[in-house]
Amino acid sequence: MAETSALGTVIARPGGERVGVRLRQRWPLAAIQIVRLGPGDDKAPADALGAALPAMGRSAVSGSGTLLWIGPGRWLTIMPVGAAARTLAVLAELNRTRWAVEELGSSRCAIRAGGPMAATLLAQGCAVDFHPQVFAIGAVAVTALHHMGVAIHRLDSDTWDIYVSRSFARDLWERLCHGAEQFGLAIEPTAP
């Protein structure tokens, strides 16, 4: 059975004269979780991924994708579907007494929110301060957005990726679309 997007088909719409928020489903993507099982250094996964594991609340770019800190001793790597098999093969070489590697497939849905009012939209459903001095480019917050567990990653001054469990994706998408209407909403075509 072919894998489908959690949001199904998203119909792009350019928005009106005034667009304050742009939303886009990022699909298809693959996700792999890396878990540290015991004390020690992070050199082995860093060598395998081509980037140091990010510190608390931060992200890093590796050769295969983006690494997000999602909790103590836990990282999520998001990548194009085509890179997942190679990344898993490299990570399989890690010491299994110290590291667990879990392929999450498309269990997470990625939604990109951008535009001059995107931070305001996110702040309406979330208790995170998105001011650039507090939540800088590359920052990651694991929090609740409209009462749904998410990881929010700041990509640039007005662009965020939101990772939500597949089962909550449709509800979150609808809430974001509804909330963005007041600012002027454009829905961009689905792309990774």
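FYI, it's all coordinate maths here, none of it is from the lab. Source: prediction; values computed, not measured. Don't worry about glycine lacking a Cβ; one is built from the backbone with ideal geometry, like all the others, and counts go over all protein chains shown.
Assorted remarks:
- Of the residues making up segment 58-90, just one is exposed (fewer than 15 other Cβ atoms within 10 Å of the Cβ) and closer than 13 Å to Gly138 by Cα, namely Val61.
- Of all residues in segment 9-30, those satisfying the criterion of being touching an Asp or Glu at 6+ places or on another chain (Cβ under 8 Å) and outside any loop (DSSP other than H, G, I, E, B) are Arg22, Leu23, Arg24, Arg26, Ala30.
- Within segment 95-106, the presence of a residue that is in a strand (DSSP E or B), surrounded by 18 or more Cβ atoms within 10 Å (Cβ to Cβ) and charged (D, E, K, R) is excluded.
- For segment 17-65, filtering for residues that are under 30 Å from His178 (Cβ atoms) and not charged (D, E, K, R) leaves 12.
- In segment 45-61, the residues that are on the phi < 0 side of the Ramachandran plot and either touching a strand residue (DSSP E or B) at 6+ places or on another chain (Cβ under 7 Å) or acidic (Asp, Glu) (or both): Pro45, Asp47, Leu49, Ala51, Ala52, Leu53, Pro54, Ala55, Met56, Arg58, Ser59, Ala60
- Residues that are basic (Lys, Arg) and outside any helix (DSSP H, G or I) do not occur anywhere in segment 81-91.
- Some residue of segment 135-142 being under 20 Å from His178 (Cα atoms) and not basic (Lys, Arg): no
- Within segment 32-46, residues that are among the acidic types (Asp, Glu) have Cβ atoms under 6 Å from residues that are in a loop (DSSP other than H, G, I, E, B) in these pairs: Asp42/Leu53, counting only partners at least 6 apart in sequence or on another chain.
- Count of segment 135-170 residues which are in a loop (DSSP other than H, G, I, E, B) and under 22 Å from Val61 (Cβ atoms): 6
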